[in-house]
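**Student:** Submitted below is the structure of interest, expressed as structure tokens.
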Amino acid sequence: MAYFPFFMDISGGDGLIVGGGTVALRKIEKLLPYEPRLTVCALEFLPGIEAIPGLVLLRGAFEPSMVEGKLFVIAATDDNALNCQISALCRERRVPVNVVDDRDACTFLFPALVKRGPLSIGISTGGASPSGAVHWKQEIERLIPQDAGDLLDYLDGLRGTVKEAVPDGMARAAAFSILFRTCLENGWPLSDEWVDGLLGGLKEELT
């Protein structure tokens, strides 16, 4: 079964990771660029986890109350019974949960990620072939320019100007499409005169 790829804003949201080993560290490193507030619970932590600023580290045994109010939970221990317990608690409370190496216990999966600034591309095989997900991630990374995030930030900065100049929805979509293609082909930033000419021409077509 394929998993639907929701994209969720987790910045400032409270996430819980149970486990302090290598797998937990990998999950933390994937999440950090998206700026959640992370609490990590374990009897012991890798030095790499302890060195990450901003984490709340709870040294001790997992307690069921820890999942309350969490935006998501990750069970990353080497104790299968504990991971399944955490999964069951989260399912009862409708808290999204990811359990390492146990697709059936998950309500969400970690995709293979390609990130360039605000651009995020997630690749999932539904757990069927993690190696396949990594392969296609590498292929996509070769296709996406390293400065793609800078381009998106630039275009985002034009959104207000475009919306004000072109109130018609279809014409506005055409403007964004032309701006994107032009930046890809010719580079950016575009001159103010060129942008004004494009928007003025689209506006005239509507009058």
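The values are calculated or read from the model by the stated rules, or taken from the named source; none is laboratory data. Computed from a prediction, not measured in an experiment: that's the story for all the values here. Note that each Cβ is placed from the backbone with ideal geometry, even for glycine, and that neighbours are counted across all protein chains shown. What goes into the accessible areas is simple: the full protein's heavy atoms, side chains included, and nothing from ligands, DNA or RNA. Shrake-Rupley method; radii C 1.70, N 1.55, O 1.52, S 1.80 Å.
**Student:** Which of the residues that make up the stretch 118-146 are outside any helix (DSSP H, G or I) and out of contact with any strand residue (DSSP E or B) (no Cβ under 8 Å at 6 or more places or on another chain)?
**Tutor:** Passing the criteria: PRO118, LEU119, THR125, GLY126, GLY127, ALA128, SER129.
**Student:** When the residues of the stretch 70-105 are narrowed to those that are aliphatic (A, V, I, L, M), touching a Lys or Arg at 6+ places or on another chain (Cβ under 9 Å) and closer than 16 Å to ARG26 by Cβ, which ends up surrounded by the fewest Cβ atoms within 10 Å (Cβ to Cβ)?
**Tutor:** Applying the filter and picking the extreme gives VAL100.
**Student:** Can you work out which of the residues in the stretch 119-132 that are more than 16 Å from the chain's Cα centre (by Cα) and open to solvent by less than 70 Å² (accessible area, probe 1.4 Å) is farthest from PHE108 (Cα to Cα)? Don't jump to the end; show me each part of the working.
**Tutor:** Looking only at the stretch 119-132, we keep the residues that are more than 16 Å from the chain's Cα centre (by Cα), and these are 125-132.
Checking which are open to solvent by less than 70 Å² (accessible area, probe 1.4 Å) leaves us with 125-127, 129, 132.
Values: THR125: 12, GLY126: 10, GLY127: 10, SER129: 16, GLY132: 18 Å.
Restricting to residues being more than 16 Å from the chain's Cα centre (by Cα) and open to solvent by less than 70 Å² (accessible area, probe 1.4 Å), the top hit is GLY132.
**Student:** Just give me the residues in the stretch 76-111 being in contact with a Gly (Cβ under 7 Å, 6 or more places away or on another chain) and of a type in the set (A, V, I, L, M, F, W, C), in sequence order.
**Tutor:** ALA76, LEU109
**Student:** So, in the stretch 179-192, exactly how many residues are among the hydrophobic types (A, V, I, L, M, F, W, C) and open to solvent by less than 50 Å² (accessible area, probe 1.4 Å)? First the steps, then the outcome.
**Tutor:** The initial filter retains those residues of the stretch 179-192 that are among the hydrophobic types (A, V, I, L, M, F, W, C), namely 179-180, 183-184, 188, 190.
If we keep only those that are open to solvent by less than 50 Å² (accessible area, probe 1.4 Å) as well, we get 179, 183, 190.
Total satisfying the criteria: 3.
**Student:** Can you run down the residue pairs with Cβ atoms below 6 Å, 6 or more apart or on separate chains, where the first is in the stretch 34-51 and farther than 20 Å from ASP79 by Cβ and the partner is charged (D, E, K, R)?
**Tutor:** Here the result reads ARG37/ASP14, each pair linking the stretch 34-51 to a residue that is charged (D, E, K, R).
**Student:** Moving to a separate point now. If you check PHE108, PHE176, which single one turns out to be assigned to a loop (DSSP other than H, G, I, E, B) and open to solvent by 20 Å² or more (accessible area, probe 1.4 Å)?
**Tutor:** Details: PHE176 fails: assigned to a loop (DSSP other than H, G, I, E, B).
Within the list PHE108, PHE176, the selection yields PHE108.
**Student:** Next up: What pairs can you find where one residue is in the stretch 76-99 and over 20 Å from LEU43 (Cβ atoms), the other is of a type in the set (Lys, Arg) and open to solvent by 80 Å² or more (accessible area, probe 1.4 Å), and their Cβ atoms are less than 8 Å apart, with a gap of 6+ or different chains?
**Tutor:** So the pair list comes out as VAL97/ARG91.
**Student:** Please verify whether VAL195 is assigned to a helix (DSSP H, G or I) and surrounded by 13 or more Cβ atoms within 10 Å (Cβ to Cβ), treating the condition exactly as stated. Spell out how you get there, then give the answer.
**Tutor:** Working: assigned to a helix (DSSP H, G or I): yes; surrounded by 13 or more Cβ atoms within 10 Å (Cβ to Cβ): yes.
Considered against the rule, which asks whether it is assigned to a helix (DSSP H, G or I) and surrounded by 13 or more Cβ atoms within 10 Å (Cβ to Cβ), VAL195 comes out as yes.
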